[in-house]
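Inspection log for the structure reproduced underneath, given as structure tokens.
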Amino acid sequence: MTRTFDQLWSETYRYAAEHSPYYRELFHGAKGVPPLESVPTVDKRVVSERNLDFLCVPRDRVVETVTTSGTTGKPLLWMLTEADLQRLAGNERLSFGCVGLTAEDTVLVAVAMDRCFMAGLAYWLGLRELGCGIVRAGASSPTLVLEMLERAQPTAIVAVPSFLRVIADKARETGFDLRNCTVKKAVCIGEPIRDRGLTLNASGRAIESAWGARVYSTYGVTELANSLCECNAGAGGHLHAEQLHLEILDDEGQPVADGEVGEVVATTFGVEAMPLIRYRTGDCAAFFRAPCACGRRTPRLGPIVGRKNQKLKYKGTSLFPSSLAA
């Protein structure tokens, strides 16, 4: 039975207020469940400083510990229970379903499974749930990827766009016919392949040209244990509202209109170990609520156009380094 937003928010609020030292302190003395929009936001600085105060379960309930990339500061320790892993797998199953992957696909995962990163683990779990064949080649060797493309004949690949271009360079160097290999879909993580207008950027075009495959963008955040993947329409990553609630806020913390760029602020639903409420990701993107051309009615998150701390103001217009480079 599908639960409403009010039910999901109420459960999350009450759970966090009871079990998280941070939220117990924040919500001390509150009466009833407040509107989500009235709860103060929290940013990565606070989460980093009080990392384990967000933990809601005893340590013996933790079955996986991962870390963030650390690109914007000290990596966070992020912990998951068995139920959180199941939630993560379910999210990735839904996301890969948007791409059109099925149990008939074999997917080469060119993403790290080690170094405490969540991404490789998440994709492996989701693909397992879909029943896909999985080739865990990792991201360390383009030569190994080319070898497995030839031998395992995967129908799809999951990788960072820059690594897909490195593989293409190695293919040209060695005479490997990449355009005629079995891969027909490339799921791109970690780096944008579309611009603000949802058209492929230079990186996305280069990958499609070199691989002869369709590219799909996906956006994920370790702390949210969640990702949003686009469908064949290429019009933004589909949100799974039973797991995640997104807001797009301006510099004053107010919501912006659909299609306008603002900071992505997220609230997790159904997380046991470390739920987050109104977490400021620092990423800037637009949100779209109109039905997608694919027929899905789920909201979609557009490409990440930059980080909030990189934003520049010029004659009243917000600019990001990525748009200037284009």
Discussion item. Suppose we filter region 247-278 for residues that are among the hydrophobic types (A, V, I, L, M, F, W, C), closer than 25 Å to Ala83 by Cα and open to solvent by 10 Å² or more (accessible area, probe 1.4 Å); how many remain?
Written reply: 1
Item to complete: From (1) at pLDDT 95 or above; (2) open to solvent by less than 20 Å² (accessible area, probe 1.4 Å); (3) touching a Leu at 6+ places or on another chain (Cβ under 9 Å), pick out the condition that doesn't hold for Thr102.
Response: (2)
Discussion item. Can you list residue pairs whose Cβ atoms sit under 6 Å apart, with the first residue in region 1-18 being touching a residue at least 24 places away in the same chain (Cβ under 8 Å) and the second being assigned to a helix (DSSP H, G or I) and of a type in the set (Phe, Trp, Tyr)? Count only pairs 6 or more apart in sequence or on different chains.
Written reply: Ala16/Tyr23
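This table checks each residue for (1) closer than 22 Å to Asp6 by Cβ; (2) touching a helix residue (DSSP H, G or I) at 6+ places or on another chain (Cβ under 9 Å); (3) part of a loop (DSSP other than H, G, I, E, B).
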residue: Gly190; (1), (2), (3): no, yes, yes
residue: Tyr219; (1), (2), (3): no, no, no
residue: Ser227; (1), (2), (3): no, yes, no
residue: Ala257; (1), (2), (3): no, no, yes
Worksheet item: Is it the case that some residue within region 117-134 is open to solvent by 60 Å² or more (accessible area, probe 1.4 Å) and part of a loop (DSSP other than H, G, I, E, B)?
Response: yes
Worksheet item: Hey, does region 56-77 have a residue that's open to solvent by less than 10 Å² (accessible area, probe 1.4 Å), within 25 Å of Arg307 (Cα to Cα) and charged (D, E, K, R)?
Response: no
Worksheet item: Looking at (1) open to solvent by 10 Å² or more (accessible area, probe 1.4 Å); (2) assigned to a helix (DSSP H, G or I), which is the one condition that is false for Ala168?
Response: (1)
Discussion item. Looking only at region 273-307, filter to residues that are among the aliphatic types (A, V, I, L, M) and not in a loop (DSSP other than H, G, I, E, B); which one of those is farthest from Leu246 (Cα to Cα)?
Written reply: Ala285
Discussion item. So if I check each of Ala241, Ala202, Ala235, which one is within 22 Å of Val271 (Cβ to Cβ), of a type outside the set (Val, Ile, Thr), in contact (Cβ under 8 Å) with a residue 60 or more places away in the chain and open to solvent by 10 Å² or more (accessible area, probe 1.4 Å)?
Written reply: Ala241
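The values are calculated or read from the model by the stated rules, or taken from the named source; none is laboratory data. Note that the structure is predicted; figures quoted are calculated from it, not measured. Counting neighbours? That spans all protein chains shown, and the Cβs are built from the backbone with ideal geometry, glycine included. Note: accessible area is taken over every heavy atom of the protein model, side chains too, but ligands, DNA and RNA are not part of it. Shrake-Rupley method; radii C 1.70, N 1.55, O 1.52, S 1.80 Å.
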